[in-house]
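Each remark here refers to the structure printed beneath this line.
The values are calculated or read from the model by the stated rules, or taken from the named source; none is laboratory data. Just so it is clear, the model here is predicted, and its values are computed rather than measured. Here the Cβ positions follow ideal geometry from the backbone for every residue, glycine too, while neighbour counts run over all protein chains shown. Heads up: the accessible areas ignore ligands, DNA and RNA and are worked out on the full protein's heavy atoms, side chains in. Shrake-Rupley method; radii C 1.70, N 1.55, O 1.52, S 1.80 Å.
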Amino acid sequence: MQLTFLGKETQGGGSPTLFATDRNTYVVQGWKVPAQDDSVEIPAKLLTYLVPGTKLGVALSDTGQGTYTLSGAPVDDAAALSQMDIPGHETCVEVPNVEESEASGAATV
């Protein structure tokens, strides 16, 4: 999997990051969600880095604290992981990249 860096929101000891992939997906790096290996928590501002005209093809859960949680496939591609700086309190998941006209209820800004 090849990653293209889209943006980063550094806050509170973390560096949530958004990447596009060559598989028409996004890799979302965020804070680990306890007992949920397939979920991350991200600041709402990270969504401003989505490719224009697209959105995340998964549901977002608003935490009420300016962040969202979302679930996806845990990233285990060694080449992709080697391109990322992931502190121990963070992880990343891969989620679909959909056009804004598709998949009502998916995440956009």
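General observations
- Its alpha carbons considered, the chain gives a radius of gyration followed by a Dmax of 12.6, 36 Å.
- Positive minus negative residues near Thr69 (Lys, Arg vs Asp, Glu; Cβ under 14 Å): -4
- Shown are Tyr26, Tyr68, whose ranking by accessible area with a 1.4 Å probe and every protein chain present, most to least, is Tyr68, Tyr26.
- Estimated 222 nm signal from helices in the chain, with DSSP H stretches of n ≥ 4 weighted -39500 (n - 2.57), rounded to 500: -1000 deg cm²/dmol
- Given the chain, longest segment not containing exposed loop GluC sites (Glu not before Pro) (DSSP; at most 13 other Cβ within 10 Å): 1-99
- By a 1.4 Å probe calculation restricted to protein chains, Met1 has an accessible surface near 40 Å², given to the nearest 10.
- Shape category assigned to the range 1-42 from the gyration tensor of Cα positions, a/c cut at 1.5: oblate
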